[in-house]
Amino acid sequence: MAFRAGGKNIRAAIGALVMLVALAPAAIAEKYASIVVDADSNEVLHARHADEPRYPASLTKAMTLYMLFDALKSGEVSYTERLYVSRHAASQPPSSLRLTPGSTISVRDAIDALITKSANDVAAVVAERLGGTESRFATLMTAKAKTFGMNNTTFRNASGLPDTRQLSTARDMAILAERLLEDHADYYHYFSRASFSWGNRTYKNHNNLLKSVDGVDGIKTGYTRASGFNLMASAKRDGRRVIAIMFGGSTSKSRDAHVTDLIEAAYKSFDENKQADEIKASYAFSALQSPVNPNGAALPMLNGQVFTPPVGEGDESTSDDMAFESLIPSKPVIEGP
């Protein structure tokens with residue numbers, strides 16, 4: 001699905017000139033990227049580095065959920081089916097539900113856990129159920145994404161945990177958001193769930209815009225140290241829907257503020273007939289403040305050493321996930337190959 005760039009067709013082309021081996025360093029070097037799309041007309045209202053490779057982090061789980069919704073719609077799985085937890089799945093680092101090997105989780109709970117808690121162990125459980133192995137499921141995810149036109153996206157796992165080969169772009173994530181809205185409208189309401197209860201714990205949705213920005217009804221946050229703070233958001237006001245994607249925030253707070261500004265600017269771009277107006281859009285987005293230090297979240301330092309902040313790799317988990325270890329300086333982190 002191609003988006004139109006404000007009627008001027010200025011979509012940047014990333015062609016075959018860039019080899020995959022060159023993409024990972026580019027994604028590490030700069031993390032910020034954004035795009036805002038009028039979902040009704042497919043017009044791009046704003047774009048910055050929208051076709052540059054970035055680490056999707058837990059935005060990956062939006063694709064995992066798309067695949068799960070496909071399976072529900074086809075009857076391959078049911079809401080009540082119990083999904084088996086393997087040792088591989090149980091070994092995934094936080095954010096997680098801390099599932100134990102040999103236990104099970106229902107499909108319905110798996111959906112809620114992926115959306116609210118952004119549980120990496122649950123992502124692996126779903127992947128193994130639908131793909132046999134997580135690596136094969138990632139191949140299926142990538143193939144499905146290509147059919148959407150997400151030509152600059154490669155998945156290597158179902159969760160978004162660090163892998164330098166797992167790359168996407170802001171534009172591709174906007175395409176995914178629109179496909180979720182179009183193809184799985186019956187399931188989209190799950191992305192607005194405020195909380196999820198599991199055992200004796202209740203987990204709040206990490207998407208703070210759900211309760212603070214008019215019209216926002218989804219869809220997914222993400223974080224790793226290499227990606228920074230990411231957000232895929234969608235809002236609907238007066239029958240008009242916009243999609244906003246941001247990669248590379250230095251904090252969740254600054255990211256939330258910037259995506260809020262992107263959404264507000266989008267709605268200022270519409271004329272009295274609720275149509276995107278190029279002049280209004282140019283004015284609205286030119287007035288935005290750039291996010292503060294948008295590339296500052298890669299490797300937080302403490303006393304000259306890299307340390308693990310109080311959020312888990314893969315999303316913005318609570319400090320309970322990392323316990324007191326987050327306060328202890330660690331050795332420099334080297335991401336996997």
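Please compute the length gained on full extension between Lys280 and Asp238, using 0.36 nm multiplied by the number of residues separating them and subtracting their Cα-Cα distance. Each step should come with its number before you reach the end.
Working: separation 42, 0.36 × 42 = 15.12 nm, distance 1.81 nm.
Length gained, Lys280 through Asp238: 13.3 nm.
I want to check a number: in the range 185-269, how many lysine pairs have alpha carbons closer than 20 Å, given a sequence separation of 8 or more or different chains?
Numbers: Lys204/Lys220; Lys204/Lys253; Lys211/Lys220; Lys211/Lys236; Lys211/Lys253; Lys220/Lys236; Lys220/Lys253; Lys236/Lys268.
Lysine pairs meeting both conditions in the range 185-269 amount to 8.
Between Ser106 and Leu288, what is the spin-label point distance in nm, taking each point 7 Å from the Cα along the Cα→C-beta axis?
4.0
Using r as the Cβ-Cβ distance of Arg98 and Ala257, and R0 as 35 Å, what FRET efficiency do you calculate, to the nearest 0.05?
Values: r = 32 Å, r/R0 = 0.91.
The value I calculate is 0.65.
Could you check the spin-label model distance between Ser91 and Thr147? Points 7 Å from the Cα along Cα→Cβ, value in nm.
3.2
To the nearest 20 debye, what is the magnitude of the charge dipole of the range 138-214 about its Cα centre, counting +1 on the Cβ of each Lys and Arg and -1 on the Cβ of each Asp and Glu? Please report the intermediate quantities before stating the final value.
Values: 10 positive and 7 negative charges, 66 e Å.
Roughly 320 debye for the range 138-214.
Residue by residue through the range 155-165, which ³J(HN,Hα) values in whole Hz follow from phi under the Karplus form 6.51 cos²θ - 1.76 cosθ + 1.60 (θ = phi - 60°), with glycine and proline marked x?
Rounded to whole hertz, the list is 9, 10, 8, 8, 9, x, 4, x, 7, 5, 8.
Quick one: which of 209-218, 227-236 comes out on top by average Cβ neighbours within 10 Å, and what's the full order, highest first? Walk me through the intermediate numbers first.
Numbers: 209-218: 17.6, 227-236: 27.0.
Per-residue mean Cβ counts within 10 Å order the peptides as 227-236, 209-218.
Name the shape class, rounded, prolate or oblate, that the alpha-carbon gyration tensor gives for the range 43-127, where a ≥ b ≥ c are the square roots of its eigenvalues, rounded holds for a/c under 1.5, and otherwise prolate holds if a/b is larger than b/c and oblate otherwise. Write out the running numbers ahead of the final one.
Numbers: a/c = 2.89, a/b = 1.59, b/c = 1.81.
Because a/c hits 1.5 or more and a/b fails to exceed b/c, the range 43-127 counts as oblate.
Among Asp238, Asp261, rank each residue by its count of other Cβ atoms within 10 Å, from fewest to most, as a rough exposure measure. Don't skip to the answer; put the middle values down first.
Numbers: Asp238 8, Asp261 18.
If I rank by nearby Cβ atoms, fewest first, I get Asp238, Asp261.
Hey, got the dipole for the range 200-291? About the Cα centre, +1 on K and R Cβ, -1 on D and E Cβ, debye to the nearest 20? Intermediate values should be presented prior to the final figure.
Numbers: 14 positive and 10 negative charges, 118 e Å.
Charge dipole, the range 200-291, about its Cα centre: 560 debye, nearest 20.
Values quoted throughout were computed directly from the atomic coordinates according to the rules given, and no laboratory measurement underlies them. A quick note: this is a predicted structure, and the numbers were derived from the prediction, not measured. Virtual Cβ from ideal backbone geometry, glycine too; neighbours counted across all protein chains shown.
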